[in-house]
1. Only residues that are part of a strand (DSSP E or B) and of a type in the set (K, R): list them for region A:287-307, please.
2. Please work out which residue is nearest to the other protein chains (Cβ to nearest Cβ), limiting yourself to region A:620-636 and to residues that are more than 27 Å from A:Q423 (Cβ to Cβ) and buried (at least 24 other Cβ atoms within 10 Å of the Cβ).
3. Does A:T73 satisfy the condition of being over 19 Å from A:Y271 (Cβ atoms) and within 14 Å of chain B (Cβ to nearest Cβ)?
4. Which residues, counting only those in region A:253-286, are assigned to a helix (DSSP H, G or I) and within 14 Å of another protein chain (Cβ to nearest Cβ)?
5. More than 30 Å from A:K19 (Cβ to Cβ), outside any loop (DSSP other than H, G, I, E, B), of a type in the set (S, T, N, Q) and within 14 Å of chain B (Cβ to nearest Cβ): is that true of A:T656 in this structure?
6. Any residue that is among the hydrophobic types (A, V, I, L, M, F, W, C) and either within 30 Å of A:E405 (Cα to Cα) or in a strand (DSSP E or B) (or both) - is there at least one of those in region A:482-490?
7. From the list B:V243, B:V212, exactly one residue is under 14 Å from the mean Cα position of the chain (by Cα) and in contact (Cβ under 8 Å) with a residue 60 or more places away in the chain. Which is it?
8. Which is assigned to a loop (DSSP other than H, G, I, E, B), touching a Ser or Thr at 6+ places or on another chain (Cβ under 6 Å) and at pLDDT 95 or above, of B:P199, B:P195?
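The values are calculated or read from the model by the stated rules, or taken from the named source; none is laboratory data. Given the structure is predicted, the values throughout are model-derived calculations rather than measurements. We place every Cβ from the backbone using ideal geometry, glycine too, and count neighbours over all the protein chains shown.
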Amino acid sequence: MSNQTDTQTKIVGKPVPRKEGRAKVTGAARYIDDLRMDGMLYGATVRSAVPRGRIREIKFGAGLPWDEFVVVTAADIPGENCVALILLDQPYLVAKFINHAEEPILLLAHADKHLLEKARRAVTFDVEPLSPIFTLEESLAKKEIIWGEDNIFKSYQVNKGNVDEVWAQADFIIEGEYRTGAQEQLYIEPNGVIAVANADAGVTVWGSMQCPYYVHKALLKLFALPEEKIRVIQTETGGGFGGKEEYPSMIAGHAALLSWKAGGRPVKIIYDRAEDMVATTKRHPSRTRHRTAVNKDGKLLGMEIEFVIDGGAYATLSSVVLSRGTIHAAGPYNCPNVRINAHAVATNVPPHGAFRGFGAPQSIFALERHLDKVAQVVGLSPAEFRRRNFIHEGETTATGQVIREPVDMEGLLARAFELTDYQAKRERFARANEGRSLKRGIGFASFMHGAGFTGSGEVYLQSIVGAEAGADGRVRLLAASTEIGQGTNTIFAQIAADALQIDFDLIEVAQPDTSNVPNSGPTVASRTTMIVGKLVESAALGLKQTLQNSGLLKANYTTDDWRAACRRHVEQFGLLKSFSQYKPPPGINWDEGKYQGDAYGAYAWAVYVAEVTVDMLTYEARVEDFVALQEVGKVVHPVLAAGQIEGGVAQAIGFTLYENVVWSEGRMLNNQMTNYIIPTSADIPPIRVYFEEQPYAYGPAGAKGIGELPMDGGAPAILNAIEHATGVAFNHVPLLPEALMQALNQTA
Amino acid sequence: MNPFTYKRATDEADAVREVANGKNAKFLGGGTNLVDLMKMGVETPDELVDINRLALKRIEQTPQGLRIGALASNSEVANHRLVREQFPVLSEAILAGASPQLRNMATVGGNLLQRTRCYYFMDTSFPCNKRVPGSGCSAIPGFNRIHAILGASDKCIAVHPSDMCVALAALDAIVRVAGPAGARQIPLVDFHRLPGDTPQIETNLRPDELIVAVDLPNSPFARRSRYLKIRDRAQYAFALVSVAAALDVQQGRINAARLALGGVAHKPWRALDAEKVLTGARADAQTFRAAAEAALKGAQPQQHNAFKVELARRAIVRLLTEVAHETKGGAA
């Protein structure tokens, strides 16, 4: 029932039920492996066992009916053999040179899954081995040149002031080196697609993915077909965390190539967990070196930072991961002189890729560990040192971006300390730990995270969102942004409902299908709510404006008035449609060449506090309490927003204390959920989430992006707390009990 | 998964006959380990004989102790009043493993026959002497953080994954089996084998023998028994090191002691040398440290698991200290 009051009720900020929640909890939601098509074949990928080499011969083992199989090699590719993303260096199938273990070489399809698996194991390759390199040190040292002329995918240099001049004036110069390991996204649903492809009808792919238009772009090149002949449809997706940003282009291409060769029979490829873990992307391992100049008052004079990430065998997204990591490397601090040298380098391991945080968790880990060390050298507490250096409105970041909005890091710090009783615990634990085998510690990290694509990225994307209203007044939002469990559909509907002042239930979100929705850009980079949500708002407002301009809708109206106006519009003019395209907020300038300027439209600001215990007998470290406090502009949906933070912190705890990718000859050895240890609910403390709201002028209802933010602060906060507990500085993650044992035994 | 035939056994004799006559046949209990391994191509039986309808679920008091049917679920055993009162280490050990869902399905007999979680055994793309005898061990030159530090051979360094069996080893449990040649009893400590040259043979159970029950004898120490498991996370992980300890302490002196370790060897590792140190000694820190030293005396770590030797010593001291304190309190 509608009346005058519902036009005044804001839905943004309320925990409305999720749009797709009912379908998910009743089992009605259809994931890719729930779908079957007539005549469907199953596809499998035969991969390289070696990290680097040249294929001499492909051998098909005896005893299998090979004529029943669809077999695809690089020679069968109708268009170009490259996964179109940023560069065109990664092949869909190895033609000759293998560059990493588990690299796809040959594809098989058959109606019988079990026979298919036998066949997959029966294909072997005679390979002339070439010398591989596995570490970023080996890559930097050019032990072998495996990519381009120098193994370097991308380098950036950021310069602010003149860091060379500060060393002479510094009272203290503090150096440190920090490392982070690879991390598996471990989305709930592994990668999977179904493809139908033939020369007449073109290529259609259904699958689990974050970015339908990335897949679309890649298939265009792979099949050399016109745009309208490629169609990509996202099915219900069980999580992504970045892991389904670029890889779906690969698996979609593989399934489509098999279907193409099979004359258009549908082909389904679903990775099992072991294949997904061993073959697809992970978080980039990193090494960060800091050299910091500070005066005796504890003011930062200069920061020189070298940030290197291991990109694996192909460029994929490494250049942009490096970019985000670089820009976040100097943190929310006001430092007059900064130089950051950053490199993404090649190694013979499967390409590393997008994972929540996208380079920032790596460089922020280094900085927030390093600043605790700097504080100690200067003789200040970690908190006091940061207080003296926090950035404020009107001051500039490392890229020279002037902060134009009120930022209150001191306020966040004070509130986070109050919520955790930080000061008292800091002193009490230090006293009580003496002689105890169970040592307690508390530590924090302060940081920021930019929302949206870096620099001119959003301008380049030119995202578009559509909205259409039918005669019944129902509004359908058209966007390529995907619901992957994080709440896209609910949040878009909330924003549109408030923009139109109509019932939330009248809003629906179209299934992302490239034949039906415009390209609103990828579902990545904490951009969906802030950037795409704003486009949803203006597309929705476009509907209203059309109705009001044509006199069908008064200035003040009820949901019933809205329905009536839509009905009349459809009768007179047909379906009501509105589109909105991204325009950068005024005054945003970015110089890609100098890497200077406004790197992001907005930042979320945060202070995270972790409390730990370290068992000195068994060396088990455990997070006992965690407070995540952040300023996010506006909370659109309190339950979903808190869920984002809790999930991100849990992932960060895994990154810090549990998740260890074990490599052997460039291959992940522990690609099983029994030996790749992620924390369970029993390992995660209560995560106490608090928001502050300082509305951002260009976000929908003032909202800023928060998807990646919670991944950033956990690792340094926890290791700062472990240093407080044990007195030993650990500067790498994951930090496993045996590393604790080794270091603590040495100091004991 | 390999195609296989399935048969449901009507009684013990039928089950034994079926497996004895079948070609590469296996008993199917809870399926929590076997079916996973079949999906991964590690186990490839041609026939499964489902024993779940056999009357082997009972847990009953006998004059000598407690008899647990082989098909009792791990949950039923762990939560059984008599087990909790009389053999607490067994309840604690079972609850330290797997998840509630798995424990509801997994059986006692199946737990005894759990296969190792060695990465290389579980991944058919690697050579493994246990999976394909003579093919070589990938763990010795590979990543061996979770592997054996005691009793390994140059053919295999895998460890037994069970928590339950570590407790059973400390409790002097006896495994009752039925086979074509009749019934027999195997002490738990002799049930599992060290790898030697034949790591593919993991137990002294013959392939056509069926486990029907486990007997827990009454003892002066069983009621004062505890389990400590150290692992990579709080739940749902196999032991890096685990310890089952039972002590009979009178006036500060240890009359009888049982100590077994998990996660360190190809079988649940009964630490007999440590028990000798403990028996007759004062229940104090010095004794416990000496026992821990004795238990790990022959330890030979691999490249990546030297930490487990010290971790095991520390776990032993901690658990013995806790059990001794309990005993004092309880006896007062």
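1. Hits for region A:287-307 are A:R287, A:R289, A:R291.
2. A:V636
3. No: the conditions fail for A:T73.
4. A:R273, A:A274, A:E275, A:M277, A:V278, A:A279
5. For A:T656, the condition - more than 30 Å from A:K19 (Cβ to Cβ), outside any loop (DSSP other than H, G, I, E, B), of a type in the set (S, T, N, Q) and within 14 Å of chain B (Cβ to nearest Cβ) - is met.
6. No; the residues of region A:482-490 include none that is among the hydrophobic types (A, V, I, L, M, F, W, C) and either within 30 Å of A:E405 (Cα to Cα) or in a strand (DSSP E or B) (or both).
7. Checking each option against the conditions leaves just B:V243.
8. B:P195
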